[in-house]
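Structure first, then comments.
The numbers here are math on the coordinates, done by the rules we state, and not lab data. Since this is a predicted model, take the numbers as computed values, not measurements. Here the Cβ is made from the backbone with ideal geometry for all residues, glycine too, and neighbour counts use every protein chain on show.
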């Protein structure tokens with residue numbers, strides 16, 4: 001009679017361990033992305049200033065294809081570029097028959113949003129501001145729900161075109177475009 005009980009216990013233990021095995025430590029590239037220069041992506045809004053050219057100075061949005069539509073030169077690729085790289089790209093295009101020596105400046109006007117999901121008061125899309133941490137993002141989203149695991153959360157981040165998910169502490173910083181997922185606690 002003890003045999004079925006020990007078999008059931010073993011199966012329950014195996015199922016419990018299998019549930020824990022889905023945990024993967026955060027990849028090293030995940031935190032290295034925090035130290036890299038900011039790279040533009042769809043949803044970012046930038047302010048381009050072409051000195052002494054008021055008709056070209058304006059605010060432009062990076063579209064879903066990763067381009068900005070710039071007067072005279074048309075579509076300029078922006079996704080994956082830093083602000084400095086985009087300055088050079090726009091200046092190079094303007095030199096091709098439009099301006100002799102364009103002086104171009106690019107700054108980020110508005111970052112792409114972050115998303116907060118899972119066991120929070122009001123999940124959804126929220127504006128990113130520099131210095132935003134996981135804890136602050138959860139507070140913006142209405143705080144933890146009563147069933148939330150408050151120790152760590154999962155963040156999904158696009159790093160060099162590859163989508164990576166990692167488990168981090170609530171004190172970790174966020175990047176524009178991150179998705180925060182607050183898991184439910186077991187007990």
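Summary table below
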| quantity | calculated |
| --- | --- |
| Stokes-Einstein diffusion coefficient of the chain, Kirkwood radius over Cα pairs, 37 °C, 0.692 mPa s, in µm²/s | 170 |
| Tilt relative to the chain, helix 2-20 - C-alpha long axis, 0 to 90 degrees, to 10 | 10 |
| Ellipticity estimate at 222 nm from DSSP helix runs (n ≥ 4, -39,500 (n - 2.57)) divided over the chain, nearest 500 | -7000 deg cm²/dmol |
| Mean Cβ neighbour count within 10 Å, used as a protection proxy, ranking 109-115, 70-76 highest first | 109-115, 70-76 |
| Kirkwood Rh (inverse of mean 1/r, distinct Cα pairs), segment 90-187, angstrom | 15.3 |
| Length released on extending from residue 75 to residue 133, taking residue separation times 0.36 nm less the Cα-Cα span | 17.5 nm |
| Hydrodynamic radius of segment 23-104 per Kirkwood, over alpha carbon pairs, in Å | 14.0 |
| FRET E, pair residue 122, residue 31, Förster distance 30 Å, beta-carbon r, rounded to 0.05 | 0.60 |
| Degrees between helix 83-95 axis and first principal axis of the chain (Cα, 0 to 90, nearest 10) | 30 |
